[in-house]
Amino acid sequence: MLIASTAGSWQQQLSDVITDPDELLRTLNLDASQLSVSAQVLKQFPLRVPRSFAARMQAGNPSDPLLLQVLPSDKEGDDTPGFDFDPLSESDFNPQPGILHKYHGRVLALVAPHCAVHCRYCFRRHFPYEENTPGRQAWEQSLEWLAGQPEIHEVIYSGGDPLAASDKYLAWLTNRISEIPHIGRLRIHTRTPVMIPARVNDELLAWLSDCRLQKVMVIHVNHANEIDAEVTEALQNLRRAGVTLLNQSVLLKGVNDSAAALIDLSERLMDAQVMPYYLHVLDRVQGVAHFDVSETYALQLMAELKEKLPGYLVPRLVREVPGASSKTGLQ
Ligand SMILES: *Cc1c(COP(=O)(O)O)cnc(C)c1O
Ligand code: SF4
């Protein structure tokens, strides 16, 4: 099967994504007529799939674990009790433009409003990114605030996806942050190196290598099939630039809710020299209930992982509890 070329700069790949569900299904030799997805669902959270990611899906398989993460479903329109619009109450922890401060010693900096991909289970699907991603001017105010918070040692770039932003902007912001003496670490939460491995280019590697801060990147992979040779090479280049690599996943029905899938994922991550970090149970946001895995079953899976994997390949199963001062462990 031939999928459109994934060549081109990362910026081209970021703009030339698949947005039409019919096109996505056709490239996978799947019957588009079986898909029923309302215009309402697509309008609320449009389809967005980088071609490089689509190329890793298995043609002819309607249950492909990569496809299920991005394919819209009419179930997203269901009104499920217990599933909210801002389940983490993030709007309550927004002290400065672009800053979320919930956890001791660390702040989240919202540096880019967009993502390369739209993951259907995303807990931020209703978050007002656009209002919360400052330009340089507004950052001046937030940088000043940060300089006056000596107990903060780590800045976490988040979004959206921070690596959807340009290297010029990221290099500028990172440089300004590194001028604040009490900041020692920069963490980047991103799915882009997995979605569009070409994002890990010389410019990115240059500002990362040059930066005095300790660097941690938390990538987001849910299934072993997401990691191919190109992704592995991008990750290797990040490691060479001095970046420690961790992974977080979300436990998703139909995607990775089996011990075999999770074990395979941990092994594949380790092959790419990425340490498993968190396995999140789903945040209960409206429109994602069809991905939900019960907590009892999640704990059963963890028991099996602990039995079969070395301890360092077992991720921590966590839930986000609104108002809690850290993620809440479930084991
Ligand atoms: C997860 C998260 C962090 C970082 O938590 P760690 O436990 O340090 O990985 C920080 N801020 C927010 C808002 C988060 O959701
Ligand atoms: S990359 Fe992360 S923030 Fe973006 S849609 Fe996917 S889960 Fe949500």
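The values are calculated or read from the model by the stated rules, or taken from the named source; none is laboratory data. Since this is a predicted model, take the numbers as computed values, not measurements. All Cβ positions, glycine included, derive from the backbone under ideal geometry; neighbour counts span all protein chains shown. Heads up: the accessible areas ignore ligands, DNA and RNA and are worked out on the full protein's heavy atoms, side chains in. Shrake-Rupley method; radii C 1.70, N 1.55, O 1.52, S 1.80 Å.
Please count how many residues of the stretch 194-215 are aliphatic (A, V, I, L, M) and in contact (Cβ under 8 Å) with a residue 60 or more places away in the chain. So the count comes out to 4. So for the stretch 272-284 (the condition being over 20 Å from the mean Cα position of the chain (by Cα), more than 19 Å from Leu67 (Cβ to Cβ) and of a type outside the set (Gly, Ala, Ser)), does at least one residue qualify? No.
Of all residues in the stretch 35-65, those satisfying the criterion of being farther than 26 Å from Val285 by Cα and either in the same structural domain as Thr192 (by TED's automatic domain parsing) or part of a helix (DSSP H, G or I) (or both) are Arg51, Ser52.
Of the residues that sit in the stretch 182-198 and are away from ligand 1 (no atom under 16 Å from the Cβ) and hydrophobic (A, V, I, L, M, F, W, C), which one is most open to solvent (accessible area, probe 1.4 Å)? Before the answer, list the steps.
If we filter the stretch 182-198 for residues that are away from ligand 1 (no atom under 16 Å from the Cβ), which is where we start, we get 182, 192-198.
Next cut, hydrophobic (A, V, I, L, M, F, W, C) only: 194-196, 198.
On the way: Val194: 0, Met195: 0, Ile196: 1, Ala198: 33 Å².
The qualifying residue most open to solvent (accessible area, probe 1.4 Å) is Ala198.
Total residues in the stretch 284-309 satisfying the condition of being within 15 Å of ligand 2 (Cβ to nearest atom) and in contact with a Lys or Arg (Cβ under 8 Å, 6 or more places away or on another chain): the figure is 4. Scanning the stretch 171-180 turns up no residue that is within 29 Å of Ala54 (Cβ to Cβ) and of a type in the set (Val, Ile, Thr). Look at the stretch 92-116: where a residue is open to solvent by 10 Å² or more (accessible area, probe 1.4 Å) and within 16 Å of ligand 2 (Cβ to nearest atom) and a partner is in a strand (DSSP E or B) and not hydrophobic (A, V, I, L, M, F, W, C), sitting 6+ places away or on another chain with Cβ atoms under 7 Å, you get Leu108/Ser158; Pro113/Gly159; Cys115/Gly159.
Per-residue answers, yes or no, for (1) more than 16 Å from ligand 1 (Cβ to nearest atom); (2) out of contact with any strand residue (DSSP E or B) (no Cβ under 8 Å at 6 or more places or on another chain); (3) over 18 Å from Asn94 (Cα atoms):
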site: Arg125; (1), (2), (3): no, no, no
site: Ala138; (1), (2), (3): yes, yes, no
site: Lys168; (1), (2), (3): yes, yes, yes
site: Ile180; (1), (2), (3): yes, yes, yes
site: Leu204; (1), (2), (3): yes, yes, yes
site: Leu208; (1), (2), (3): yes, no, yes
site: Val218; (1), (2), (3): no, no, yes
site: Asn222; (1), (2), (3): yes, no, yes
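How many residues does the stretch 199-214 contain that are assigned to a strand (DSSP E or B) and buried (at least 19 other Cβ atoms within 10 Å of the Cβ)? Adding up the residues that qualify gives 0.
Hey, could you check the stretch 151-166 for residues that are aliphatic (A, V, I, L, M) and under 17 Å from the mean Cα position of the chain (by Cα) and say which is nearest to ligand 1 (Cβ to nearest atom)?
In the first step, residues of the stretch 151-166 are kept if they are aliphatic (A, V, I, L, M); the result is 152, 155-156, 163-165.
With the extra rule that they be under 17 Å from the mean Cα position of the chain (by Cα), the set shrinks to 155-156, 163-165.
Details: Val155: 10, Ile156: 6, Leu163: 17, Ala164: 18, Ala165: 19 Å.
Top of the filtered list is Ile156.
Anything in the stretch 94-106 that is over 30 Å from Leu66 (Cβ atoms) and within 7 Å of ligand 1 (Cβ to nearest atom)? List them, or say none. Give the steps one after another, and end with the answer.
Of the residues in the stretch 94-106, the ones over 30 Å from Leu66 (Cβ atoms) are 94-99, 101-106.
Lys102, Tyr103, Arg106, listed by residue number.
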